[in-house]
Amino acid sequence: VVYNGKICPVRMIPSGFVNPNSQLYIGRGVVVDPDILLDEIKRYEVDGRLLVDRLCPIIERRHIDEDNGPYNKTVLNTTGTGTGPAQLERVKRTADLKFAKDVDSLRPYLTDVGERLNDVIERGEKVLGEGTQGTFISNYGFEFGDDMTYPKGVTTKDTTAGTLCADIGIGPTAVESVVVVFKSIASKVGNGPFPKEITDPERLRHIEEDGLRPGYSRKDCG
């Protein structure tokens, strides 16, 4: 997110933080790393207007360690954030999975996000649900000719607009429109098919330099 002339990387909080009049919610479809979340709340000064669903699963240190293990890093080449192992534990319905309601530091931010959003919709106010990634890295998998994106080219869940509704606790009939945002250059992590990959370092360097508007830096906000 580019805000006040700076590039602001966010992993947990919604990009809508740039609007000071917005209320921010993290739905229960999101796995949460409390350390990252609390750091971003402080860094981007959203304390008081961000709430987290009490049933968001928690990424723990053991999930991050597993995500950086030989298979995940060598075969899948994941980002190592612990997201996949935490999602897997949720699907396996293990008793070890911790939720936001179990983390003391998150208690000031807890709510039922679905209930709040449905109340907002009934009052005729606007809700913008923000998803991430895109259809072709959905865990359901898609085909490119003879290549199948699953399992190496996908993330840990479905990434379509329909799943977004379930993640934040609203029904699909409440959606008035879907906005798709395209990056000018496709990128991905992991192995698997990447038909449009650009491998020439010199070409990449020029694209990167041309894409940065004057006055912007790579420094974090603050």
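The values are calculated or read from the model by the stated rules, or taken from the named source; none is laboratory data. Just so it is clear, the structure is predicted and the values come from calculations on it, not from any experiment. Backbone-built Cβ (ideal geometry, glycine too); neighbour counts: all protein chains shown. Calculation scope for accessible area: heavy atoms of the full protein, side chains included, ligands and nucleic acids excluded. Shrake-Rupley method; radii C 1.70, N 1.55, O 1.52, S 1.80 Å.
Annotations
- HN-Hα J in Hz across the stretch 20-30 - Karplus 6.51, -1.76, 1.60, θ = phi - 60°, x for Gly and Pro: x, 8, 8, 9, 10, 10, 10, x, 6, x, 9
- Highest-MSF residue in the chain out of 100, 161, 174 [GNM, Cα springs under 10 Å]: 174
- Per-bin percent of Cα-Cα distances, the stretch 137-178 [5 Å]: 6, 22, 22, 16, 15, 11, 7, 1
- For residue 65, solvent-accessible area (1.4 Å; no DNA, RNA or ligand), Å²: 90 Å²
- Phi-derived couplings, Karplus 6.51 cos²θ - 1.76 cosθ + 1.60 at θ = phi - 60°, listed residue by residue for the stretch 50-55: 10, 10, 10, 5, 5, 9 Hz, with x used for Gly and Pro.
- The structure shown yields Cα Rg over 2.2 N^0.38 Å, and of the options (i) 1.08; (ii) 0.97; (iii) 1.32 that calculated value carries the label (i).
- Approximating the spin labels as points 7 Å out from Cα along Cα→Cβ, the residue 88-to-residue 133 distance works out to 1.4 nm.
- GNM flexibility winner over the chain from 52, 30, 103 (Cα, springs under 10 Å): 103
- Listed cross-link partners 73/157; 157/183; 92/152; 6/42 are compared with a 28 Å cut-off, the Cα-Cα value being larger for no pair.
- The sum of -39500 (n - 2.57) across all DSSP H runs of n ≥ 4, divided by the residue count of the chain, sets its helix-only mean residue ellipticity at 222 nm to -7000 deg cm²/dmol.
- Carbon/sulfur fraction of accessible area - the chain, other protein chains in place, 1.4 Å, %: 51 percent
- Å² per residue, accessible surface of the chain at 1.4 Å: 65 Å²
- Full extension of the segment from residue 122 to residue 36, taken as 0.36 nm per residue of separation minus the current Cα-Cα distance, would add 27.7 nm.
- Taking amide H as placed 1.01 Å from N in the peptide plane, residue 7 has its amide H under 5 Å from the amide H of 217, 219, each at least 5 places away in sequence or on another chain.
- Candidates 205, 49, 93: whichever shows maximal mean-square fluctuation once the chain is modelled as a Gaussian network with Cα springs under 10 Å: 205
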